[in-house]
1. Please specify each residue of region 232-243 satisfying the condition of being in contact (Cβ under 8 Å) with a residue 24 or more places away in the chain and out of contact with any helix residue (DSSP H, G or I) (no Cβ under 7 Å at 6 or more places or on another chain).
2. Check Val18, Val7 and return the single one that is at pLDDT below 95 and either part of a helix (DSSP H, G or I) or more than 25 Å from the chain's Cα centre (by Cα) (or both).
3. Against the condition touching a residue at least 12 places away in the same chain (Cβ under 8 Å) and assigned to a helix (DSSP H, G or I), how does Leu66 come out, does it pass?
4. Being part of a helix (DSSP H, G or I) and under 21 Å from Met182 (Cα atoms) narrows it down to one of Ser94, Ser108, so name that one.
5. What about Arg225, is it among the charged types (D, E, K, R), surrounded by fewer than 17 Cβ atoms within 10 Å (Cβ to Cβ) and assigned to a helix (DSSP H, G or I)?
6. Go through region 144-168 residue by residue and tally those that are in contact with a Pro (Cβ under 7 Å, 6 or more places away or on another chain) and farther than 24 Å from Thr49 by Cβ.
7. For region 162-197, what are the residues that are within 11 Å of the chain's Cα centre (by Cα) and either in a helix (DSSP H, G or I) or within 18 Å of Leu90 (Cα to Cα) (or both)?
8. Among the numbered conditions (1) over 21 Å from the mean Cα position of the chain (by Cα); (2) under 29 Å from Gly229 (Cα atoms); (3) not acidic (Asp, Glu), tell me where Gln68 comes up short.
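The values are calculated or read from the model by the stated rules, or taken from the named source; none is laboratory data. Keep in mind the model is a prediction, meaning the values are calculated, not measured. As a convention, Cβ positions derive from the backbone with ideal geometry for all residues, glycine included, and neighbour counts pool all protein chains shown.
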Amino acid sequence: MPDFDPVAWAVPAFVALVLLEMLWARSRAPATYEPHDTAISLAFGLGSTVAGAVAAGAIAAMLVWLHQFRLFEIGWQWWAWILCFVLDDLAYYSFHRLAHRVRWFWASHVNHHSSQHYNLSTALRQSWTGFFAISFIFRWPLVLIGLDPAMVLFCGGLNLIYQFWIHTEAVRRMPRWFEAVMNTPSHHRVHHATNPRYLDRNYAGTFIVWDRMFGTFEPECDEERIRYGIVKQLGSFNLFWAIFHEWVGIARDLWHAPWRHKASYLLREPGWSHDGSRETSDMIRARWRERHSLRQDGTGYDRERQKRGPQPPSPSPAEAPAKPR
């Protein structure tokens, strides 16, 4: 199988674009970059490159082995490249959606969301543990259909290259037709947001049409400032904690959880707990929607008062306690 990785050839362009964005941010948006955060992102990128190189041979060998059981003989026709890229992007959407809905996959993918800044260096926060999390299985159906393993890996690299440029606040909106079909900085800012309205939305890699088709699309709202990161922020610039914190959390939960709930801490959504002591993204969004609907409804204030019940009267100015000096 030919050994050619398009991502490796794109690295110089990645570096150049990061430097250009730093120059832009220095004069237009100084808070975009934070030195410690950027250093962690660069370390993520270096480590994930090494981890990917170590695992690449095993992943390629598995794809080649599976290809012998292919359903069709597709070959290297020109249209096969288009088919491969589109199906690979659909496979990425499927993986990405499950990576937010299944804690086992989230433990690897959370690395990419760990920064509270959104810039091109954030795109370099790729997982070190993707092979351990068996994230590569989502490309197996493509070779079983009959697409050549080398073609699948090449198209996967192109998909990853495309996703680099959308990690920026320097671009607000693309033309409307482009926003309708392609993943863009605006769409992907939503995906990296921790605002309740944006949680677990816009999973697209290249084509945003998958989110529109499967009901996971959310447009960016200009009236609401985006907050980046994860629901429970790391609060640390420790590289190894950023990489392994969710795996550590899983291990703790498996150790303490009752036997009947142990598998759920691996396979249920992040934030799930058997005793209801935590919140999933669905729970956070539902709570936000309830509050939002109350604010939108003219009777919302009265509903809130009814829920709280009768309240004691406010003290008059004469009765109010004096403020300490």
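1. Kept after step one, since they are in contact (Cβ under 8 Å) with a residue 24 or more places away in the chain, are these residues of region 232-243: 233-234, 237, 239, 242-243.
Passing the criteria: only Gln233.
2. Values: Val18 fails: at pLDDT below 95.
Going through Val18, Val7 in turn, just one is at pLDDT below 95 and either part of a helix (DSSP H, G or I) or more than 25 Å from the chain's Cα centre (by Cα) (or both): Val7.
3. Spelling it out, Leu66 is indeed touching a residue at least 12 places away in the same chain (Cβ under 8 Å) and assigned to a helix (DSSP H, G or I).
4. Result: Ser94 is the single residue among Ser94, Ser108 that is part of a helix (DSSP H, G or I) and under 21 Å from Met182 (Cα atoms).
5. So Arg225 fails the test.
6. The qualifying residues number 0.
7. His188, Arg189, Val190, His191 - these are the residues of region 162-197 that are within 11 Å of the chain's Cα centre (by Cα) and either in a helix (DSSP H, G or I) or within 18 Å of Leu90 (Cα to Cα) (or both).
8. Unmet condition: (2).
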